[in-house]
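In what follows, a single structure is set out as structure tokens and then discussed.
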There are 2 protein chains.
Amino acid sequence: MPIYKAPVDDALFLLNDVFHLDHYGNLPGFSDASPDVVDAVLREAAKFSEEVLTPLNRVGDKEGCKWAADGSVSTPTGFKDAYKQIVEGGWIGISVPAEFRGQGLPAALTEIVNEFFCSANMAFAMYPGLTQGAIAALLMHASGELKTKFLPKMVEGVWTGTMNLTEPHCGTDLGLLRSKATKQADGSYKISGTKIFISAGEHDLSENIIHLVLARIEGAPAGTKGITLFLVPKFLVNDDGSLGARNAVSCGSIEEKMGIHGNSTCVMNYDGATGWLIGEENRGLNAMFTMMNEARLGVGVQGLALSEVAYQNAVAYAKERLQGRSISGAKYPDKAADPIIVHPDVRRILMSIRAFNEAARALVMWTALKSDIAHRSEDEKERKSADDHMGLLTPVIKGVLTDSGFANAVLAQQVFGGHGYIAEHGMEQFVRDARIAQIYEGANGIQALDLVGRKLGKDGGRAILAFFNEVQTYLKERVNNDAMNVYLKPLGQSLGHLQQASMWFMQNAMVKPDNAGAGSYDYMHLFGLVALGYMWCRIAEAALAKLPKANGSAARLNAKLVTARFFMERMLPGTATRLARIEAGAGSTMELADDAF
Amino acid sequence: MPIYKAPVDDALFLLNDVFHLDHYGNLPGFSDASPDVVDAVLREAAKFSEEVLTPLNRVGDKEGCKWAADGSVSTPTGFKDAYKQIVEGGWIGISVPAEFRGQGLPAALTEIVNEFFCSANMAFAMYPGLTQGAIAALLMHASGELKTKFLPKMVEGVWTGTMNLTEPHCGTDLGLLRSKATKQADGSYKISGTKIFISAGEHDLSENIIHLVLARIEGAPAGTKGITLFLVPKFLVNDDGSLGARNAVSCGSIEEKMGIHGNSTCVMNYDGATGWLIGEENRGLNAMFTMMNEARLGVGVQGLALSEVAYQNAVAYAKERLQGRSISGAKYPDKAADPIIVHPDVRRILMSIRAFNEAARALVMWTALKSDIAHRSEDEKERKSADDHMGLLTPVIKGVLTDSGFANAVLAQQVFGGHGYIAEHGMEQFVRDARIAQIYEGANGIQALDLVGRKLGKDGGRAILAFFNEVQTYLKERVNNDAMNVYLKPLGQSLGHLQQASMWFMQNAMVKPDNAGAGSYDYMHLFGLVALGYMWCRIAEAALAKLPKANGSAARLNAKLVTARFFMERMLPGTATRLARIEAGAGSTMELADDAF
């Protein structure tokens, strides 16, 4: 049975010592986020994750969701009770404005809480998580009427949300989508079509399900410019807020899949279902992208979450499993053998995962704080620059954190040897669950294309130049800081690789766009390494600053310094290979004729 | 439903044009391996794999094996009939000497055939595969009497074989094992103990199951020097070869696991079961290592096999799935969208897998031919040098081919987007099945330790120096070959990295063994890249030589040249990062106290 202990102390260290939450007091809601409140929220979330969600994780995997011929879907044993506690705890709306019954706390808090929930039980956490995504889109694009009618119940969690994009013949290329919308006399629309891979499309956790659905209004332009976003509730809602008739949307079946068995993945059939316009006609993709950006950050968090829980279990096993002796001589001579944590190759695995987790958590928090600035600051320039950061970092976080999350779950499983392959230890579930995060909300190859094809060149490269500038300034200002040198020097080198790769694209992708496409994936990971390396410098600096006055936490702070060095010595050197691949260009990648495959 | 087409032409190209099977006529059995015979064997194996084994792959995954309270295990629907065809086709004994009813053909042929079988159905292929491993151990170490009594039926496949090493508390560290053996008056032994993770330990495919079991004779020295190998049949065998009484060995349960559901993974209980000594008392580990070496090569082949079949399915999907347009302009303007094979990032995936597969197949074949020399040559020096090669390359093949096999199955799954996560397409099964190959027969971290800790320094580094010498001589002899320069130069550079890493170990691991342990995994992969790069040079050279007289095969040969270039430009540069990690030493990896984790 897998264990989990939410990393509350690490989250608090990041919030307080690295990112100085107390400097953000001018943002609405942040003054409510006093150290006491933050501490209490995180400890409560930790308790719920550890005691309620963790024990349900294997149950959810084993039982899965069950579809019945009447189109209903039942979730695994215990999910209903746990979901009730989500509603009672007000967990969905932590960062939603109070006017819609949220608590208005920083989005950074939501991301930390979501990490805890996902570590404990990813399939379960998707139900509230998707609702948060839908809330974000409605907040940004829906009319006041729709907001008033739907948001409060969604924020409470009494109703859940979904996003309906994919159709059998189209996923990435939404321009091909066929679902139809026909305007009715009363201003509503009739929606028809089939959507697939709809997470939480049908289930027994909430009283109503609010679907956000992309469809094409009759006569709309072809391609992506003729797509509109609609709100389609499972049950129509009367003016007094009570539930009305069942809408013409139903779940045709659920998928048998590799993992996240506790979350229903539905085929949704819309047969003239009643829906309402969100935003403007034919501007649905725009609205959907708001939701996607929030969702993509959230999916990145899933990668981190699974990496963290897999790590914790691997550590516990490595301390307990006795096998062989340390090559430098027995470390536990009183035992039949040494615990395998003494072996360098096991250490290599544990340190690699740990060096990712702590920096990835920082990267998420840094970006979530930018999202708070982008949404709440009164200074337009500050908002714009935070928004640039979000746009640039979101694909990196989604792509890199989920790739690493999966890779780390696999590494952690390896620590268990044969026992990692057996279901009861739960390690293979982490691997299967983590896998989806690389695929959904835009497969990671699409994230790389988004980064290189859209984000790099946007507004004359304003976002990437600002990122370079920030890191360069950081390095310059510390050029005489000897204690930091061991972290700064490798970061400077890898930043150079990233700049060189960016330059290479500028010089070679205009002439031949395939050069960008062929290098985009390596660029995303090169970027990720530099961003994580920058986070390690910030963490190391905060740890060094805190050490002199550290009492009980000295060991934990010192461990951060060692882990930072590990990252610099063992992981950051990967930027050289990424750069070499990028500079190889598209030649051999694209040369073969399609039928030579 | 996944597809599979066995790569017969590629195998023939390697056998004939790269490795010149016709130059080995002096080895026993090779004169029987005329081009006609080889062609016929491979085409027959291909047909059986494609038509019989492939359709059973999903069935095996879905149904799994079933254990009944009487200790019997039934295999999935169709496995029995397919196994009958294994026996009828004589597939197990292709390379076994004729005196034991084998066909005496080169071991290289067995490896190719096993690749086909594993691609089509890995869980199934393990039943005959494990029997081959047991046969190898018996051939090498068993008495004439045991050989005569057991081998012919095993070679025919009427009886299958297993290997029993792992116990609940010990896997890698066999010195801890507790199973007991007590000598009887008639020279047999009574074996007692519990073994776990025993693949094919019980099933309904064969009349008898011959277990090779490690146990400790009463009073034997502690640790690995007190372990003996025994033959323990499920049914005792009478002197006339007929089956006698049921032996006191039974299957207590089977594991619920991540993949290879069609193969039974058994807990085996030995309750005073009758067994016979294989080899000498207390020398069981030695005998087991013979079996392990064969088995490890076979497990490497499993990695390649899954990479190949996953690749083929990804290619088919990439040609068929219409989504988006090529960034350099529509390539199929008559279709609603371009097939995704036009996108550089999809190409990156397909080329990466392909560039691995063809070189990995060459590496297996090269090494299998060395195994033939090691076992069959009359020249002792030749035998010794071939044996050096086997010892050195076996951990590399096991570790690198299975790591890449899994990684490539994941990459191929990614091409399918969301559809890759759904069970019916079969891609997620390849991922789950491929995962075990990194774990069993010695987890890959153990392979790396075997390589660095044992094989590098053995006999004064004779094996690695011979490898360096071979590749260096190859490079030197072609220094003026302009057509080859594009492949040779990168290989030279990466060989330099490998030599530098080897030197670094020599200088730093004596003083501090953890330096070897911390770098061993990267060294194994660095070695793998160089070995695969060398294979690509040999393949490219053979393709260049054949091109002028190529008629129908020109496109296929040209594709090899492009793929070789891709490998050099995109994959081989990884050696620089591996070297940097190795040279970082054990410092930050080992610095944290155990309880800091």
Given H placed on each backbone N at 1.01 Å, which residues far from residue A:103 in sequence or on other chains put an amide H within less than 5 Å of it?
A:94, A:95, A:96
Rg over Rh of region A:469-597, using C-alpha atoms and the Kirkwood radius, what does it come to?
1.14
If you bin the C-alpha pair distances of region A:343-436 every 10 Å from 0, what whole percents do you get?
16, 34, 25, 16, 8, 1
Rounded to the nearest 0.05, FRET efficiency between residue B:286 and residue B:378 (Cβ-Cβ, R0 22 Å) equals 0.35
Segment residue B:474-residue B:158, extension gain: residue separation times 0.36 nm, minus the distance between their alpha carbons:
109.2 nm
Taking the axis about which chain B rotates onto chain A, which residue of B lies nearest it as judged by Cβ position, and how many whole Å separate them?
B:577, 2
Once you sort the root eigenvalues of the Cα gyration tensor of the protein assembly as shown as a ≥ b ≥ c, which label holds: rounded (a/c under 1.5), prolate (a/b larger than b/c) or oblate (the other case)?
prolate
Return the calculated 222 nm mean residue ellipticity for chain B, to the nearest 500 deg cm²/dmol, obtained by summing -39500 (n - 2.57) across DSSP H runs with n ≥ 4 and dividing by the residue count.
-18000 deg cm²/dmol
Cα-based shape type of region B:161-282, given that a ≥ b ≥ c are square roots of the gyration tensor eigenvalues and the cut on a/c is 1.5:
oblate
Label point 7 Å beyond Cα along the C-beta direction, distances from residue A:481 to other copies (nm, shortest first):
5.4
Loop-located trypsin sites (Lys or Arg not before Pro) in region B:441-517 whose Cβ has at most 16 other Cβ within 10 Å (DSSP)
B:478
Using the number of other C-beta atoms within 10 angstrom as an exposure proxy, rank A:235, B:416 with the fewest first.
A:235, B:416
Give me the one-decimal nm value for the distance between modelled label points at residue B:489 and residue A:482, 7 Å along each residue's Cα-to-Cβ direction.
4.4
If neighbour count is taken as other Cβ atoms inside 10 Å, put A:470, A:378 in order from fewest to most.
A:378, A:470
Just in region B:45-136: which trypsin sites (Lys or Arg not before Pro) are loop by DSSP and have at most 10 other Cβ atoms within 10 Å?
none
Along region A:208-214, Karplus-curve 3J(HN,Hα) (6.51, -1.76, 1.60; θ = phi - 60°) to the nearest Hz, with x for Gly and Pro, reads 8, 10, 9, 8, 9, 10, 8
Rank the residues A:77, B:563 as a footprinting-exposure proxy: fewest other Cβ atoms within 10 Å of their Cβ go first.
A:77, B:563
Cα axis of helix A:284-320 to longest principal axis of chain A: angle in degrees, 0 to 90, nearest 10?
40
Label spacing, shortest first and in nm, from residue A:89 to its equivalents in the remaining copies (7 angstrom along Cα→Cβ)
5.5
Nearest-ten-degree value, helix A:380-415 long axis tilted from longest Cα axis of chain A:
70
Over chain B, what is the relative contact order in percent, taking alpha-carbon pairs closer than 8 angstrom and at least six residues apart?
13
Kirkwood Rh over alpha-carbon pairs of chain A, then Stokes-Einstein at 25 °C and 0.890 mPa s: what D in µm² s⁻¹, rounded to an integer?
98
In debye to the nearest 20, how big a dipole does region B:1-52 give about its Cα centre with +1 on each Lys and Arg Cβ and -1 on each Asp and Glu Cβ?
120
Label-to-label distance, nm, for residues given as residue A:595 and residue A:510 (7 Å Cα→Cβ offset)
3.8
Taking a 21 Å limit on the Cα-Cα distance, which of the listed pairs A:147/A:225; A:257/B:257; B:225/B:370; A:47/A:398; B:84/B:370; A:62/A:195 fall beyond it?
A:147/A:225; B:225/B:370; A:47/A:398; B:84/B:370; A:62/A:195
What is the angle, in °, between the Cα long axis of helix A:485-508 and the longest principal axis of the Cα atoms in chain A? Nearest 10 is fine, range 0 to 90.
50
Under a straight-distance cross-link criterion of Cα-Cα below 15 Å, which aspartates and glutamates are reachable from residue B:5, leaving out those fewer than 8 residues away in the same chain?
B:44, B:50, B:51, B:115, B:308, B:358
Where the label is 7 Å out from Cα toward Cβ, how close does residue A:148 come to the same position in every other copy, in nm, shortest first?
9.9
Cα gyration tensor, region B:18-170 - rounded (a/c under 1.5), prolate or oblate
oblate
Only sites in a loop by DSSP and with at most 12 other Cβ atoms within 10 Å count here; which GluC sites (Glu not before Pro) in region B:277-321 make the cut?
B:280
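Throughout, read-outs are computed from the coordinates displayed, never taken from laboratory work. As the structure is a prediction and not an experimental result, all values here were calculated from the model. Using ideal geometry, Cβ is built from the backbone for each residue, glycine included, and neighbour counts are taken over all protein chains shown.
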